[in-house]
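**Q** Sending over a structure as C-alpha cells; questions will come in a sec.
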Amino acid sequence: MRVKILLLILIFSLSSCSVIKQMTNISRLKFKLNGVSNFTLSGINLSNKSSLRDFGPFDSAQLFNNFTKGSLPVSFVLNIEAYNPNDGGGYPRQDLDIVDFKWRLIIDDVETLSGNIAKPISVPGTGETTIFPITVELDLYKFFKERGFENVINLALALGGKNPNLSRVVLKAQPTIQTPFGKIQYPNEIDIIDKEFR
C-alpha cells in the first residue's frame, strides 16, 4: 500500500513538473506587428502614395464623393510575427500551435473591429519567427468621420501608404495554445505593437 502511495506521489510530481515546463514554454511565446500589405482605400492601392497630392483627379474626386456619402472602406493584411524561443537552450524544445487567437484592432485609441484566426498557426521551437496574416476590412468613415475628409485620408496613408506607421495600431489578442495537456488560454489579453515582442 505504501509503495502504491509513493508511486502515485512520484507520478503526480513528474506530471506537475511537466505542466510547469509547458506553462513556462508557453509564457515565452512573444508577438509583434510585422507590417501591413495590400492596403486599399475605396479600392485604391496606397502603397505608392504618401500624401493627398499623390492621388489623381479622378481618385481624389471618388474619395471625396465616397466620404460625402458616408463610406471610406479599407482592406489590408496585418502581418503578425510570433517568436518561439523554445529551441532547447535551457528549456525543452517545444513547437507550439496557436489554435485560437481572438483579437481586437485599436487604431488611434479607437476600437474598430474584432476577429479570430481561420485555422491553427504552428510556431516551431527553432528560435526563429513565424509570420501569419490577419485580413482586415473596415470603414474608416464609421470610426473617424468627425475628423474630416483630409485627416481620414491621412490616417489611411499613415497606416498603409508609402511609409506606413504602425505606432498608431495596437492589436489586443488572447491566444489559446494547444499542449499535450489540452488547450491553454492566456489569462488576459496582450497588447501587440510594432516596436517590440510582447
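Any read-out appearing in this document is the output of simple, stated calculations on the displayed coordinates, not a laboratory observation. Being a predicted model, the structure only gives us computed values, none of them experimental. As a convention, Cβ positions derive from the backbone with ideal geometry for all residues, glycine included, and neighbour counts pool all protein chains shown.
**Q** If we sort 73-79, 62-68, 154-160 on the protection proxy, mean other Cβ atoms within 10 Å, highest first, what's the order?
**A** Ranking the peptides 73-79, 62-68, 154-160 by packing returns 154-160, 73-79, 62-68.
**Q** Calculate the all-directions average of the projected area of region 28-192's alpha-carbon convex hull, and give it in nm².
**A** 10.4
**Q** Amide H to amide H, which residues 5 or more places from residue 125 or on other chains are under 5 Å from it, using H placed in the peptide plane?
**A** 94, 95, 96
**Q** Ordered by packing density, taken as the mean number of other Cβ atoms within 10 Å over each peptide's residues, highest first, how do 96-104, 52-60, 130-138 rank?
**A** 96-104, 130-138, 52-60
**Q** Now a separate question. When N counts the residues of region 68-159, how does its alpha-carbon radius of gyration compare numerically with 2.2 N^0.38 Å, as a ratio?
**A** Here the answer is 1.46, to two decimals.
**Q** Same structure, new question: HN-Hα J couplings of region 40-49 from phi, Karplus 6.51/-1.76/1.60, θ = phi - 60°, integer Hz, Gly and Pro as x?
**A** 10, 10, 6, x, 9, 6, 9, 4, 10, 10
**Q** On a 27 Å Cα-Cα criterion, which of the cross-link pairs 32/183; 162/195; 32/145; 102/162 come out too long?
**A** 32/145; 102/162
**Q** Report relative contact order for region 28-192 in percent, whole number only (criteria: Cα-Cα under 8 Å, sequence separation at least 6).
**A** 29
**Q** Quick one: 3J(HN,Hα) in Hz for region 123-134, Karplus 6.51/-1.76/1.60 with θ = phi - 60°, rounded, Gly and Pro as x.
**A** Whole-Hz 3J(HN,Hα) from phi for region 123-134: 10, x, x, 10, x, 10, 10, 10, 10, 10, x, 10.
**Q** Highest mean first, what order results for 116-127, 181-192 on Cβ atoms within 10 Å?
**A** Taking the mean over residues of other Cβ atoms within 10 Å, the ranking is 116-127, 181-192.
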